[in-house]
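Heads up: the structure comes next, in structure tokens.
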Amino acid sequence: MKRLGLARLSAALLLAGAALPVAAQLPAAPAAAPPAQLPPIPAWGGTLEPQDRDERGLWMMSADDEQLIRGSRFVIDDPALNAYVRGVLCKAVGADRCQSVRLYVMRVPVFNASMHPNGMMQIWSGALLRMRGEAELAAVLGHEFAHYERRHSLAGFKQARAATDAALWAAFIPIAGLAVSLGALQGFFIYNQAQEKEADLGGLSFVQRAGYSTAAFADVWERLIAEEDAGRVARGQKPRAGRRSGFFATHPPSAERMTYLRALARQAADTGDPGAASLRAGLGAWFGRFLEDQVKLNDFGGTEWLLADLARRDGWTGQLLSTRGDLYRLRGQDGDMAIAAGLYREALAKGHADPETRRGLGLALLRQGQQAEGQAMLKAYLEAKPDAGDAAMLRMMAGLPSPATAGPTQ
Amino acid sequence: MKRMMVAAGLALATLAVPALPVAAQEVARVRDGVTITPGQTRIMIMQPNIKVGSMSTGGLFEPNAEWTATARKLIDAQVRQQLAGQGITLVAQPEIAAGSDGPQNPVQQYRALFPVVAKAVMEFQFFLGNRLPTKKRPGVFDYTLGSGIASMPGAQDADYALFMFTEDAYGSAGRKAAQLLMAGLFGVAIAPGVHVGYAGLVDLKTGDLVWLNADPEMGGDVRETDGAVKRVGQLLANFPGTKLTAPAPAPKK
């Protein structure tokens, strides 16, 4: 399976690499010189079929995975959202290529997309939330399709096998063999990074042909770096996201991807459409749900950055203000309840009609001891949402009697 | 998925993890109070999770679609034959029968959940070195997939669901050579292959795991009929309410 970004192998492997000083003596990955221009889109050879034993094996595993994925509760089966995302894929790669992909929109609040060799593509809701326009979404989906069309999973598997075989044989050589082993393994990661870059460029070629803005894809990585850094700073860590590549990194660092994509976009004389409005329309009500999922990730710094970035585009809408109120209320540190209450009030002042804002305000006020107004807000919420999952608890907090339907307890 | 295979392969290649000592592992448990009566009890056979391939020299799993397809056929036939021979009424998993499959499908969700629970049993109860304090009381065997399984399509037509998992990686020629050399030159044991399997029975009213059999020493070449007979015999050994017993251990290859 090929994934879009930020994947890291297990911490144990990273530690193993870090503990061995020999790593420093190995040749570094070749510096990424941006190619002169976007690669041409190859002639379409039709839907892939597995060719050899290895490929049939990988397809068999993918079919098993797909069976479970298809039945998963994380699949968003809303026809409108699926039709929209699929439509963007088809516009990007073309109707003929599009037919060979089965696309699954997964409700996972993390930035990622992936491609299985058999044509199963996934995009996670965390990626959809982070797109600022249809052009970016087209680039991400085009990147995944480029992995598929170029049979990257199969080539990567063969490369991994060759690397691990070489590593094992090298282990027979005392002392020096260790360096050779690690070199062989690193070769696999360098190869993998080259595949990611090839898919980045392939995706960008699709984007350009479809008439979208080519500048957009670089922006995705720039924002990811900023968001990750903001999250790190809020946790008291040093900002360093995306700027360097670990020894066992399967993907180029985000900063490098941003740089070569930006250089290519400039050469491509960008006149295309970023598609901001069409993306907003396409996501529809899902945008708000994805925002809620994001708040629950407990990544205060990253989410603050993300909301501020959305506000740079749309202004501080009632929805963004209310979501930011949730973020502060759920963190609940000193002073957060007052900030949250202020944000909810601003949202209400802008006419934001979602009952959840009143619920959040009610809870924030109660936590500050403002009983009367807090209870009034919860009552207003319960009137709008009498069937809320925690209605019984909220009724108690609002000072309302238990519902008459409740039978006698034993 | 590929990433996991690669990670596992790299770990095997670089660290040469020796197999866990088998003696420290309990093999099977039955939950108290389970009643399986031949002639009455209906068992739904869930689509088993079967993977067959080879192990590359460096330890990577190389999936083999042909071997897997053969093993699936042979194991399915054997499971049916051996259980029917004990008078158990067999019921097919619903969408295998109907040929339909769709999003948010509880059948697939329970197929995905079962290995997670089974692995928790193996790791935190069956493996003596890591047994949780709450799993040390005699007779305790308390795991469940949740009572929601009662509303899974087809659940009302059966009493129990049988889940099975097998994974086999037969050592390639290079792997076998490396194994001999490693052992001969350095005395280091590297696994010549992987042969794992487990089977479990879940109560379709409560979701409780009522039986789990996870013998870590799986035998029988699942690519051949005789081997599949043996493997299924091992998977179904001491199936509650039946006279099924483990096949006699064959000489090791």
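The values are calculated or read from the model by the stated rules, or taken from the named source; none is laboratory data. Bear in mind the structure is a predicted one, so any value in this text is a computation, not a measurement. Quick reminder, even Gly has a Cβ in these numbers, built from the backbone with ideal geometry, and neighbours come from all protein chains shown.
Before moving on, here are some points about what is shown:
- Single residue of B:L113, B:L180 found to be assigned to a helix (DSSP H, G or I) and surrounded by fewer than 17 Cβ atoms within 10 Å (Cβ to Cβ): B:L180
- A search for C-beta distances below 7 Å between a residue of the range B:201-225 that is on the phi > 0 side of the Ramachandran plot and at pLDDT 95 or above and any residue that is assigned to a loop (DSSP other than H, G, I, E, B) and surrounded by 23 or more Cβ atoms within 10 Å (Cβ to Cβ), counting only pairs 6+ apart in sequence or on different chains, returns B:G207/B:L145.
- Residues of the range B:29-64 that are more than 14 Å from chain A (Cβ to nearest Cβ) and assigned to a loop (DSSP other than H, G, I, E, B): B:R31, B:D32, B:G33, B:V34, B:T35, B:I36, B:T37, B:P38, B:G39, B:Q40, B:T41.
- Restricting B:K119, B:K176 to those that are closer than 27 Å to B:T68 by Cα, free of Cβ contacts under 8 Å to residues at least 60 places away in the same chain and under 23 Å from the mean Cα position of the chain (by Cα) reduces the list to B:K119.
- Exactly one residue out of A:A167, A:A184, A:A160, A:A155 is in contact (Cβ under 8 Å) with a residue 12 or more places away in the chain, touching a Phe, Trp or Tyr at 6+ places or on another chain (Cβ under 7 Å) and either within 14 Å of chain B (Cβ to nearest Cβ) or part of a helix (DSSP H, G or I) (or both): that is A:A160.
- Candidates B:Y110, B:Y170, B:Y160, B:Y143, filtered to the one that is in contact with a Leu (Cβ under 7 Å, 6 or more places away or on another chain), within 14 Å of chain A (Cβ to nearest Cβ) and of a type outside the set (D, E): B:Y110
- Any hit, the range A:158-175, residues being closer than 30 Å to A:Q99 by Cβ, surrounded by fewer than 21 Cβ atoms within 10 Å (Cβ to Cβ) and small (G, A, S): no
- The conditions of being surrounded by fewer than 20 Cβ atoms within 10 Å (Cβ to Cβ), touching a helix residue (DSSP H, G or I) at 6+ places or on another chain (Cβ under 7 Å), in contact (Cβ under 8 Å) with a residue 40 or more places away in the chain and away from every other protein chain (no Cβ under 14 Å) are met by B:G129.
- Of B:T206, B:T225, all but one fail to be of a type in the set (S, T, Y), over 22 Å from B:V30 (Cα atoms), surrounded by fewer than 19 Cβ atoms within 10 Å (Cβ to Cβ) and in contact with a helix residue (DSSP H, G or I) (Cβ under 8 Å, 6 or more places away or on another chain); the exception is B:T225.
- Residue match in the range A:98-108 (condition: free of Cβ contacts under 8 Å to residues at least 24 places away in the same chain, under 24 Å from A:D65 (Cα atoms), more than 11 Å from every other protein chain (Cβ to nearest Cβ) and part of a helix (DSSP H, G or I)): yes
- Unmet requirement for A:A63, which otherwise passes all of (1) among the small types (G, A, S); (2) within 14 Å of chain B (Cβ to nearest Cβ); (3) buried (at least 17 other Cβ atoms within 10 Å of the Cβ): (3)
- Positions within the range A:223-256 being at pLDDT 80 or above and more than 22 Å from A:R312 (Cβ to Cβ), in sequence order: A:R235, A:G236, A:Q237, A:K238, A:H251, A:P252, A:P253, A:E256
- Those helices (runs of 4 or more DSSP H) of the range A:302-407 in which at least 2 residues are polar (S, T, N, Q) and closer than 24 Å to A:F287 by Cα, considering only elements entirely within it, cover A:318-331.
- Considering A:L81, A:L68, the condition of being assigned to a helix (DSSP H, G or I) and at pLDDT 95 or above is satisfied by A:L81 alone.
- One residue from A:R130, A:R151 being under 22 Å from A:Y191 (Cα atoms) and either over 16 Å from the mean Cα position of the chain (by Cα) or not hydroxyl-bearing (S, T, Y) (or both): A:R151
- The range A:305-324 residues that are at negative phi, paired with ones that are among the hydroxyl-bearing types (S, T, Y) (beta carbon under 8 Å, 6 or more apart): A:L307/A:T323; A:A311/A:T317; A:G318/A:T357; A:L321/A:Y344; A:S322/A:Y344; A:S322/A:T357
- Verdict on A:L201 being among the aliphatic types (A, V, I, L, M), assigned to a helix (DSSP H, G or I) and within 12 Å of chain B (Cβ to nearest Cβ): no
- Matching residues in the range A:77-90 - criterion: being touching a strand residue (DSSP E or B) at 6+ places or on another chain (Cβ under 8 Å) and either under 14 Å from A:A113 (Cβ atoms) or away from chain B (no Cβ under 14 Å) (or both): A:V85, A:R86, A:L89
- Residue within the range A:307-316 that is at pLDDT 95 or above and touching a Gly at 6+ places or on another chain (Cβ under 9 Å) present: no
- Some residue of the range A:133-150 being in a strand (DSSP E or B) and under 28 Å from A:R73 (Cα atoms): no
- One residue alone among A:G57, A:G94, A:G71 is over 19 Å from the mean Cα position of the chain (by Cα) and away from chain B (no Cβ under 14 Å), and that residue is A:G94.
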